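The values are calculated or read from the model by the stated rules, or taken from the named source; none is laboratory data. Note that the structure is predicted; figures quoted are calculated from it, not measured. Here the Cβ is made from the backbone with ideal geometry for all residues, glycine too, and neighbour counts use every protein chain on show. Note: accessible area is taken over every heavy atom of the protein model, side chains too, but ligands, DNA and RNA are not part of it. Shrake-Rupley method; radii C 1.70, N 1.55, O 1.52, S 1.80 Å.
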Amino acid sequence: MPKVDVKRDLFFNEVGRHYTKDEFEHQCFEYGIELDDVTSEREQIKRETGELKENASDEVLYKIEVPANRYDLLCLEGLSTALKVFNNREGTATLPNYHLAPNANPLRLIIDKSVKDVRPVCVAAVLRNVQFNQQRYDSFIDLQEKLHQNICRRRALVSIGTHDLSTISSPFTYSAEKPEHIKFVPLSNNKEFNAVELFEHFHTTNSHLKKYTSIIKDFPVYPVIRDSKGVILSLPPIINGEHSKITLHTKDIFIEVTATDYTKAHIVLNTIVAMFSKYCAEQWSVEPVEIVDIDGKVSVTPNFTPTIQNASVSYINSALGLKLTPEEILVLLRRMSLPSVIVDDEKDNKSKAIRVTVPITRSDILHACDIVEDVAIAYGYNNLVPSLPPTNTVGRQQPLNKVCDLLRTEIAMAGYTEVLTFALCSLDDNFKNLNRPDDGNAVLISNPKTAEFQCGRASLLSGVLKSVSANKGVPLPLKLFEIGDTFGLDQKTDVLASNQRRICALYCSSTGSGFEVIHGLLDRIMLLLRITRSVGESKERTYEIKPLDDPAFFPGRSVGVFVNGKKIGGLGVVHPLVLQKHEIPFPCSALELEITLPLAY
Amino acid sequence: MSSSSSSSTHPSDQGDLFTRIETELFNVLKTEGFISNSGDWARNHQWEHNDLLVGVLKSYEAWGVVLLDTIEQRSVVLTEDGNEILKNGSPEVRIFNAIPQDGVNQKEFDKQIKASLGDLTVKLGFAEAMKKKWIKIEKETGKLLRTVPSVEDDTRAQLEDLSCLNESGVQALRRRKLVHDAVFKTFSVKRGPKFTPNWRKPIADITPEMLASGSWRDEQFKDYNFQAMGSLTAGGHLHPLMKVRAEFREIFLELGFEEMFTSRYVESSFWNFDSLFQPQQHPARDAHDTFFLINPALAPENSVPRDYLESVKQMHETGGFGSVGYRYDWKEEEARKNILRTHTTAISSRMLYQLAQDYKKTGVFTPKKYFSIDRVFRNETLDATHLAEFHQIEGLIADRNITLPHLIGIISQFFHRLGIYDIRFKPAYNPYTEPSMEIFGFHPILQKWVELGNSGMFRPEMLLPMGLPEDVRVIAWGLGMERPTMIKYKIPNIRDIFGPRIDLDFVKKNPLALMEIRKD
């Protein structure tokens, strides 16, 4: 979940209430956010660099965790407004009235078809007469960064550029050009670079922007935004130009958002203008920009067309087990900053529904169920009276799990101690360390973080041997077992892989390999499954063991186990080379069988 | 067995020997009343003193039959080097004797003699023989020659009988580390308070013979040490995590839940994410969080019924059933990517889809309560509380008009059975549930509020494309199994309860996994 840093005192001023820490934590819990940390600039610097900075501030900072789909809570402005409105229990708080204030001579941005394959979407807006101070300016920069890290997916999906409008002139163009042709002085620099040189510069200076270069690096052309005079505003999604840089004195802000995803571009633009139109001379007003798309079609952004979401009163009450009146619901929704009215239910004209005009800040509302949640939050989850569901069903175990649980107990009673090892392992664990050839049947992971977890285990033996290896100090003989799933490729299933339920047991002793001990366990398991030893011919529910080479076992001391003539596993004296690979100095015998339901029933 | 050798270690010989010592001891105590020195007494009978006789005497002392007084005797004994000289002669004599009458080339001699006597003996012996002027090296030829016809081995003679030496002679041998001082502990033995002429040894244990003959009446039995631990029990042990799993299973079964079949580690992104209305750009679908596969990389093209796939696609792209959808280009290729399932909810989704198909076929919706406990996989950076795989516990109820208070009610029931009575719910975000609630509880062991799990109502965008009736709602909750187990057994590192490096002693000494802490 994203975290937002706010100055506590300033934040409480904006919310209009001064809390104790406990009160604030309680409020967070009810609203669905979390006070993650209480710190200060000085403490943060000390924590990050280990140094004490003399002139750092001691002002209390709150680090607040917000839900990942609430982009409107990613800055002090949005968070304080939301809580202020939430705290107004009467539901009479004024909600921000976000509106478009068109210019007689609208600014225009023309999208060239060259961006089609690189980063096709561009939207823009203008904030006029913004009153910045240091804190607001910092918050403005910080919100962009928070959006970049979250909904923008580290700029891959969406990126934001903000510019001092007084330094540039409309119409703007959004096109893709050869990297060598994109020459400009990048932000916070005084030297001119072309895009190729700039990327090299980021790499040699190990800039924090280096990681974003991969988003466009392999394209033959890079996206660029220029003004009417050819001045470069930005090289999305990497960096803006120094020329149009925003300062504390900037009054008119031009905001461009480029993206690969149209919906997300709109959400990001709307979030920024909603949050910072608060500081415009005409509060909550946003000047739209004309966008000329690839086909020459003109549209206007930002798109403030309200989304209407209807939720019937009966649906809300039914989902929450409540009997709220429509009026009560209106108050609850208003506390969640959702302006709504009572209308007739479309499906049942005798009943009422709630029509919510979803504000531009609430892109998380997709369906009436989202309205239900907001009603529930405002009502208070912990004010709902728990009741047991009326659903009348009977309990039932998975038969295979039941069989295996019964076997586990029996095997433990036979003196074997249970281990529980990982289903993931290295490729060597599966094959080389068991002296077995790679049969190409293992499920292979494409992006393992460690060599320990490269593939799915093809047998349980490796994990059990590792358990022996990790417990060399224990008194011998050692008897271990595991029942669990192995997995491998399987053409017959809808994902081309399947699990197999298996038993593995191992006997390790200083006095002998104990083949007969493990054989005894096999006989016991078969007895428990009501499968009898076959004499001569293989009949129904009989088992036999026959010599069968398995490189994991010692030659001549390795057998296959057959039930009704079909192989279900094997046992043998573990091969000395396998023991050596696991650094086990004592002889071992082991058994591994596949357990299927027909064996038990 | 006829051997009477005292050095024999055959158990029955040893037993005979004990009996003879004991008989002799009682004879002496009866007739003489004391033994003045156990060392002398042992030597006279050719019994080993320190390990054998002292052992017998100490047990009789413990029974109060004899009283022992320690006698300390200091004496000079040979060291290992001393014994070596006693056996083979002193190095200088051995060097002297090795030189032939008419001399020998020094270098050759060196090589040969070092091979047979060893470097150190040669070095010491050569120096000593030169010092005593027994041998010399002819400068012109480099030949080694005897200078005297024969020599006496004085050192060996001294070691043979140390009693002939005066203190300065002994001191000289001490300096050469051929002798050292040793303290011998022997005992004077007299009758103890419990001594009677016909005293009988207390018996360790009752035998079938005693039961048969009734001789147990006349025997004296040894005292037991009740402070000692009993012997370890035989038998195997179940794994602690599996014991906790059994408890959770039991709770679900008691509450009437049916177990889902979860033996399916490989899932397609479709069932793990898309069918749950989790958008394709969601961070959980990143390679940072999810294990993708090289083989089998993709689920086959028609592994999901086409009509269902299309309705899921439409829900993501343009919405429907009252939803505006996520409004992006949904890619089938992305949905076909196989992964190791990141949650068992992938199985829940399959089960609910099946339920919807049954409903479509029969027109009858059957309410269900499902549960599962099985492994899930995350491409986590590993640390003390995170592994690449862990066990997820999941419960869900599908019924018409089921409510959020029902979810709160069933979760409360569930956690009451784990001994957690104070439960609170916090609004949360989860892509496939709405409303979503994080579950917090006041933990009786930790004595603080902790997050216990997640819960919510599945979104209509997930259920309606499956074909479930509109008034069917599904409430669900989930939690990891490792964390409650770690809290219960106070284990801070997850690798100590799961994986091949677990200490078997922990498995063996693990108590019952009773999760509930009863208040009364």
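Points worth noting:
- Total residues in the stretch A:397-432, condition open to solvent by less than 50 Å² (accessible area, probe 1.4 Å) and either of a type in the set (A, V, I, L, M, F, W, C) or assigned to a helix (DSSP H, G or I) (or both): 20
- The set of residues in the stretch B:42-65 being within 45 Å of the chain's Cα centre (by Cα) and among the aliphatic types (A, V, I, L, M) consists of B:L52, B:L53, B:V54, B:V56, B:L57, B:A62, B:V65.
- For the stretch B:367-402, filtered to residues that are open to solvent by 10 Å² or more (accessible area, probe 1.4 Å) and polar (S, T, N, Q), the residue that is farthest from the other protein chains (Cβ to nearest Cβ) is B:T385.
- Residue within the stretch B:282-296 that is farther than 23 Å from A:R154 by Cα, in a loop (DSSP other than H, G, I, E, B) and at pLDDT 95 or above present: yes
- Pick from the stretch A:578-601, criterion open to solvent by 70 Å² or more (accessible area, probe 1.4 Å) and outside any loop (DSSP other than H, G, I, E, B), ranking: farthest from A:D429 (Cα to Cα): A:P598
- Test: residue in the stretch A:475-491 that is in contact with a helix residue (DSSP H, G or I) (Cβ under 9 Å, 6 or more places away or on another chain), touching a residue at least 24 places away in the same chain (Cβ under 8 Å), in a helix (DSSP H, G or I) and within 17 Å of A:G572 (Cβ to Cβ): no
- Check on B:V450, aliphatic (A, V, I, L, M), free of Cβ contacts under 8 Å to residues at least 60 places away in the same chain and assigned to a strand (DSSP E or B): yes
- When we screen A:I371, A:I365, A:I360, A:I354 for residues that are part of a helix (DSSP H, G or I) and touching a residue at least 24 places away in the same chain (Cβ under 8 Å), the only hit is A:I371.
- Per this entry, A:S80 is counted among residues that are small (G, A, S), crowded, with 16+ Cβ neighbours inside 10 Å, under 30 Å from A:V289 (Cα atoms) and more than 14 Å from every other protein chain (Cβ to nearest Cβ).
- A single member of B:R327, B:R249 is facing chain A (nearest Cβ under 10 Å), assigned to a loop (DSSP other than H, G, I, E, B) and crowded, with 18+ Cβ neighbours inside 10 Å, and it is B:R327.
- Taking the criterion of being of a type outside the set (S, T, N, Q) and touching a helix residue (DSSP H, G or I) at 6+ places or on another chain (Cβ under 8 Å), the residues of the stretch B:472-486 that qualify are B:V472, B:R473, B:V474, B:I475, B:A476, B:W477, B:G478, B:M481, B:E482, B:P484, B:M486.
- Condition check for A:Y62: surrounded by 15 or more Cβ atoms within 10 Å (Cβ to Cβ), free of Cβ contacts under 8 Å to residues at least 12 places away in the same chain and not in a helix (DSSP H, G or I): no
- The number of residues in the stretch A:24-55 that are among the polar types (S, T, N, Q), within 14 Å of another protein chain (Cβ to nearest Cβ) and open to solvent by 60 Å² or more (accessible area, probe 1.4 Å) comes to 0.
- Subset of the stretch B:441-469 that is modelled with pLDDT under 95 and within 11 Å of chain A (Cβ to nearest Cβ) - its residue that is nearest to B:K361 (Cα to Cα): B:E451
- In the stretch B:403-417, the residues that are open to solvent by less than 20 Å² (accessible area, probe 1.4 Å) and at the interface with chain A (Cβ under 9 Å from one of its Cβ atoms): B:T403, B:L404, B:P405, B:L407, B:I408, B:G409, B:I410, B:I411, B:S412
- Any hit, the stretch A:220-243, residues being under 24 Å from A:R136 (Cα atoms) and open to solvent by 40 Å² or more (accessible area, probe 1.4 Å): yes
- Residue within the stretch A:501-508 that is assigned to a loop (DSSP other than H, G, I, E, B), among the hydrophobic types (A, V, I, L, M, F, W, C) and surrounded by 20 or more Cβ atoms within 10 Å (Cβ to Cβ) present: no
- Restricting the stretch A:315-333 to residues that are outside any loop (DSSP other than H, G, I, E, B) and open to solvent by 70 Å² or more (accessible area, probe 1.4 Å) leaves a set whose member that is farthest from the other protein chains (Cβ to nearest Cβ) is A:E327.
- Subset tally (residues that are over 23 Å from A:S207 (Cβ atoms) and surrounded by 20 or more Cβ atoms within 10 Å (Cβ to Cβ)) for the stretch A:143-167: 2
- Condition check for B:G82: within 49 Å of the chain's Cα centre (by Cα) and either closer than 30 Å to B:T147 by Cβ or assigned to a helix (DSSP H, G or I) (or both): yes
- Out of A:E34, A:E48, sole residue that is without any contact (Cβ under 8 Å) to a residue 12 or more places away in the chain and not hydroxyl-bearing (S, T, Y): A:E48
- A single member of A:P102, A:P120, A:P106 is out of contact with any Lys or Arg (no Cβ under 6 Å at 6 or more places or on another chain), open to solvent by 20 Å² or more (accessible area, probe 1.4 Å) and within 22 Å of A:S363 (Cα to Cα), and it is A:P120.
- Flag: A:D485 does not match the condition of being within 36 Å of the chain's Cα centre (by Cα) and open to solvent by 30 Å² or more (accessible area, probe 1.4 Å).
- Selection status of A:N190, on the phi > 0 side of the Ramachandran plot, open to solvent by 70 Å² or more (accessible area, probe 1.4 Å) and part of a loop (DSSP other than H, G, I, E, B): no
- Just so you know, in the stretch A:433-447 the residues that are among the hydrophobic types (A, V, I, L, M, F, W, C) and either at the interface with chain B (Cβ under 8 Å from one of its Cβ atoms) or under 35 Å from the mean Cα position of the chain (by Cα) (or both) include one that is surrounded by the fewest Cβ atoms within 10 Å (Cβ to Cβ), and it is A:L444.
- Members of the stretch A:168-182 found to be in a helix (DSSP H, G or I) and surrounded by fewer than 17 Cβ atoms within 10 Å (Cβ to Cβ), listed by number: A:E180, A:H181
- Note on the stretch A:452-482: residues that are facing chain B (nearest Cβ under 7 Å) and surrounded by fewer than 23 Cβ atoms within 10 Å (Cβ to Cβ) total 5.
- Tally, over the stretch B:293-313, of residues that are open to solvent by 30 Å² or more (accessible area, probe 1.4 Å) and either among the charged types (D, E, K, R) or within 44 Å of the chain's Cα centre (by Cα) (or both): 9
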